[in-house]
Amino acid sequence: MLKYALIVLATTSVVLSQQSTWGQCGGIGWSGPTACASGSNCQVLNPYYSQCVPGAPAPSSTASAPAPSQTVPTGFLPRLGGVNTAGYDFSVATDGSFTGTGVTPPASQFPHFANEGANLFRIPFAWQLMTPTVGGTINSSFFSTYDQTVQAALNSGPNVYVIVDLHNYARWNGQIIAQGGPTNAQFASIWTQLAAKYGSNQRIIFGIMNEPHDIPSVSTWVDTVQQTVNAIRAAGATNYLLLPGSSWSSAQAFPTEAGPLLVKVTDPLGGTNKLIFDVHKYLDSDNSGTHPDCTTDNVSVLQTLVSFLQTNGNRQAILSETGGGNTASCEQLLGNELAYVKSAYPTLAGFSVWAAGAFDTTYVLTVTPNGNQDQPLWVDAVQPNLP
């Protein structure tokens, strides 16, 4: 960071007053730059947030007038932003098999990040740890350990939300749910049991399944999601539910693949405000989240997703996985992406970056603090875009 400080000190006052493309440039309470870098102009999105948008028209003499109040439908999630705290999912393979024992994320990370503005923690776990037998009862010993982590996250702030994330890729030991593998009833049973434990806490969000992929029948998968929603509601839980699509929960594939079917999933509670779509999108060359460098900011992909959601019932989605390496390209491009997510509220409820928790500081996409010192990616790209 010192070298950036020295560069800034050497620049002119004009450069100091400029915001980068997709960065914030205005809004109630904003005290930062209001002019945009060449090629973009400051566009008012709501009274609290204006953004440097490429190709936007230059502001007119009336551009500083307040925009109409943002309409947030009753019952929608608030603006969220935070981090995945991994560990209980370690060694879950993409075929849904599991060979490990899980690693407990450090509880100290929750107040650390919450004190910096994070209000969302996604805590993934292996299906086999929670119910060692498919369709069986929850392992009380593991649940006690997992719940201590969940409670530590919730206790880090009064407005903190937690995503309880089943991290098995729509599979149990290589077999796809309801498509040659566990039955819908066996899958739903884990959620009815978790509903009995967490159904009274509205700050706990149920992440029904992480990254379904290579699903032979997407419509059959959507039926599995519907039956799971029905079972959770029958168990008495009224939590927000994250509905996953296909193709690794791809935000890019969603509008043309699983999205047109998932928007038809109904909620026995009535309405759809508590059915949130779960999407992922990385920024490296093959969208795998395995490289330290970023090649895209995904803004055009997310704009298409937002348009789809707004024209299909004004629905919400969460970007529950995204991230990059601690590199200059990712600091810039992830910052652009998260600034857009923030600007697209309430359609995009927020994000959680991958990953901290039990990952050490050498992991390629780490945002695990090095002692009390945050990673550059967190400082430069994530923290400025927290709620």
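Can you name the condition, by its number, that residue 305 falls short on among (1) within 30 Å of residue 185 (Cβ to Cβ); (2) out of contact with any Leu (no Cβ under 6 Å at 6 or more places or on another chain); (3) open to solvent by less than 30 Å² (accessible area, probe 1.4 Å)?
So residue 305 meets the others, but not (1).
What number of residues in the stretch 263-287 are assigned to a loop (DSSP other than H, G, I, E, B) and either over 22 Å from residue 329 (Cβ atoms) or open to solvent by less than 50 Å² (accessible area, probe 1.4 Å) (or both)?
Residues flagged as assigned to a loop (DSSP other than H, G, I, E, B) and either over 22 Å from residue 329 (Cβ atoms) or open to solvent by less than 50 Å² (accessible area, probe 1.4 Å) (or both) within the stretch 263-287 amount to 16.
Of (1) open to solvent by 10 Å² or more (accessible area, probe 1.4 Å); (2) farther than 20 Å from residue 84 by Cβ; (3) of a type outside the set (D, E, K, R), residue 326 satisfies all except one. Which?
Among (1) open to solvent by 10 Å² or more (accessible area, probe 1.4 Å); (2) farther than 20 Å from residue 84 by Cβ; (3) of a type outside the set (D, E, K, R), residue 326 violates only (2).
Could you say which residue among 350, 371, 313 is under 30 Å from residue 274 (Cβ atoms) and either surrounded by fewer than 24 Cβ atoms within 10 Å (Cβ to Cβ) or of a type in the set (D, E, K, R) (or both)?
313
Take the residues in the stretch 276-304 that are out of contact with any helix residue (DSSP H, G or I) (no Cβ under 8 Å at 6 or more places or on another chain) and of a type in the set (A, V, I, L, M); name whichever of them is farthest from residue 75 (Cα to Cα).
In this case the residue turns out to be 301.
Spot the failing condition for residue 320; the list is (1) modelled with pLDDT of 95 or more; (2) in a loop (DSSP other than H, G, I, E, B), and only one is missed.
(2)
With a cut-off of at least 1 residues that are in contact with a Phe, Trp or Tyr (Cβ under 6 Å, 6 or more places away or on another chain) and surrounded by 20 or more Cβ atoms within 10 Å (Cβ to Cβ), name the helices (runs of 4 or more DSSP H) lying wholly within the stretch 115-234.
127-130, 140-154, 218-234
Among the residues of the stretch 235-259, what is the count of those that are without any contact (Cβ under 8 Å) to a residue 12 or more places away in the chain and open to solvent by 50 Å² or more (accessible area, probe 1.4 Å)?
1
Within the stretch 211-242, work out how many residues are under 25 Å from residue 174 (Cα atoms) and either in contact with an Asp or Glu (Cβ under 6 Å, 6 or more places away or on another chain) or of a type in the set (D, E, K, R) (or both).
The total comes to 4.
The values are calculated or read from the model by the stated rules, or taken from the named source; none is laboratory data. Quantities reported herein were computed from a predicted structural model and do not represent experimental measurements. With ideal geometry, Cβ positions are generated from the backbone for all residues, glycine too; neighbour counts draw on all protein chains shown. Calculation scope for accessible area: heavy atoms of the full protein, side chains included, ligands and nucleic acids excluded. Shrake-Rupley method; radii C 1.70, N 1.55, O 1.52, S 1.80 Å.
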